[in-house]
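A quick write-up on the structure given underneath.
The values are calculated or read from the model by the stated rules, or taken from the named source; none is laboratory data. This structure is a prediction, so every number in the text was calculated from the model and none was measured. Here the Cβ positions follow ideal geometry from the backbone for every residue, glycine too, while neighbour counts run over all protein chains shown.
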Amino acid sequence: MGIQGSIKKVRSLTEPLQVAIDIGAKRALIPIENKRSFFDVSAEILENVDPIFYGEVKRAALKALGLN
């Protein structure tokens, strides 16, 4: 996220998702700008994480809390 609160694209999803899986994450909040990058992630990682895409910070917070 930028200083003004704008959502920025993540360079690579593979490494952060692998780290998240290693520590027990089952779901991952992913910026909608990274939706195409998600197809570059290995099948092994995709089997172990449920992606939740978001486009704005408020929506991401609500999804993280399970309210949306």
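Summary table below
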| item | result |
| --- | --- |
| Enumeration of residues in the stretch 26-50 that are touching a helix residue (DSSP H, G or I) at 6+ places or on another chain (Cβ under 6 Å) and assigned to a strand (DSSP E or B) | ALA28, LEU29 |
| Qualifying residue in the stretch 6-13 (condition: modelled with pLDDT of 90 or more, more than 10 Å from the chain's Cα centre (by Cα) and in a loop (DSSP other than H, G, I, E, B)) | no |
